[in-house]
Amino acid sequence: MKMAQTPQKIKDSEHQAARAGGNALAITQQAKLALETAAAGIPVHPVCPRTKHPLTLHGRNDATADSDTVRKLWRQHPQALVSIPTGTQSGLVVLDVDQGAEHAFCELLGKLDCETIDDLSPAWARTPGNGLHVYFKLSEGTTPRTRSSDIAANIDTRGLGGSIIIPGNVRPDGRAYEWGNASASLFDAPPMPRRLLYLATFKHSEREFIRTQPALLAAMKDCPPTEWAATLQRWRDDEAAKIAARTLPSADDEDGMRRQALHDLQIVASEFATLQDGRRQKLFSLACKVGKYVAHGIVTEGEFVAAFKEAASANGALNRHGTGWAVQTLRSAINTTRGDKLPPLARAFRSEVRV
């Protein structure tokens, strides 16, 4: 992020525009903030001051630092609050602490070896709802996410895919988003501490999974944050490969395993075909019983989908919910069971006992 113009230059240019009349932008508090932020190279987009919902079609994806576009947007919505996308577009990540999370936030400060919020970041703001927004600079190559109440109840992270209403905004009722330190700015945000960045990068279930895998946990501690996501993915891929190596049938049993797979697929599909109640929910759970056969290459995805589509047509689910629903559900079942082991080959399907 680099400052393209100073706030004073923004003021001068906008006063000139005001004197020009005609299409000039009325310099409301919100318009001024939007233009100053955009001039500093940080894209902005307008949100409703009452609901905080985006006022453009694509919300944060419409954020822009183009001054002409910003003028147009705030000419249309002069009282709109100024929001910025978090993550790579702005280079900022935010810890969003809502009212009611004071105790949890104090505990978090202790875990991060911080006595006060200023020890965590000098760039923090109070919100109209008595919450806190704590700003950090996005370190290159890291992937903190946007999640709700994942670190603790009422403590959110705003990273990749998120947005935040910045300090300097004033709602129509006069309540404002204000910096905790009068001299603070978005450019004072420090990098996230490593431990907090870890909490923002992985969701709770992922952190618990890593904690239960000593070798993976040790690898996470040894590698830089830029390699965290890749390290977890490599570990998962290696484990899936080990499972596949243990569960693939021998060459002599490939025909038998395929016969077993087709038999099991037909049994489960037939069970689904008889259902009338709960068809929408049951398709996924039943498909998961035999999805591993597709994941291991025993039956094709086409065979798998065709068997269940025929069953869904028989019980009316396909007509009611559509082909798109069925295919998406079945593919989700395949992905969910990708790491599942193949069952033992039943004697009835072994090649040596067939006549």
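Just for helices (runs of 4 or more DSSP H) wholly inside region 27-132: which have at least 2 residues that are within 21 Å of T201 (Cβ to Cβ)?
Helices (runs of 4 or more DSSP H) meeting the threshold: 102-111.
Condition test on G141, is it surrounded by fewer than 13 Cβ atoms within 10 Å (Cβ to Cβ) and more than 20 Å from S163 (Cα to Cα)?
no
Would you check which residues across region 165-188 are under 29 Å from H53 (Cβ atoms), open to solvent by 30 Å² or more (accessible area, probe 1.4 Å) and not acidic (D, E) and list them?
V170, R171, P172, G174, R175, W179, S185, F187
Suppose we keep only residues that are at pLDDT 95 or above and open to solvent by 50 Å² or more (accessible area, probe 1.4 Å) within region 189-216. Which one would you say is nearest to P49 (Cα to Cα)?
Selected residue: P191.
If you check A273, A306, A312, A348, which single one turns out to be buried (at least 19 other Cβ atoms within 10 Å of the Cβ) and hydrophobic (A, V, I, L, M, F, W, C)?
A312 is the lone residue from the list that is buried (at least 19 other Cβ atoms within 10 Å of the Cβ) and hydrophobic (A, V, I, L, M, F, W, C).
If D68 satisfies every condition in (1) over 25 Å from the mean Cα position of the chain (by Cα); (2) loosely packed, with under 14 Cβ neighbours inside 10 Å; (3) touching a residue at least 12 places away in the same chain (Cβ under 8 Å) but one, which is the exception?
Only one criterion in (1) over 25 Å from the mean Cα position of the chain (by Cα); (2) loosely packed, with under 14 Cβ neighbours inside 10 Å; (3) touching a residue at least 12 places away in the same chain (Cβ under 8 Å) is unmet by D68, namely (3).
Which of the residues belonging to region 145-164 are buried (at least 20 other Cβ atoms within 10 Å of the Cβ) and under 20 Å from I117 (Cα atoms)?
Of everything in region 145-164, those that are buried (at least 20 other Cβ atoms within 10 Å of the Cβ) and under 20 Å from I117 (Cα atoms) turn out to be I151, I155, D156, T157, R158, G159, I164.
So is P224 within 30 Å of K341 (Cβ to Cβ), surrounded by fewer than 14 Cβ atoms within 10 Å (Cβ to Cβ) and at pLDDT 90 or above or not?
no
The values are calculated or read from the model by the stated rules, or taken from the named source; none is laboratory data. As the structure is a computational prediction, the values presented were derived from the model and not from experiment. In this analysis, Cβ positions are derived from the backbone assuming ideal geometry, glycine residues included, and neighbour counts consider all displayed protein chains. All accessible areas refer to the heavy atoms of the entire protein, side chains included, with ligands and DNA or RNA removed. Shrake-Rupley method; radii C 1.70, N 1.55, O 1.52, S 1.80 Å.
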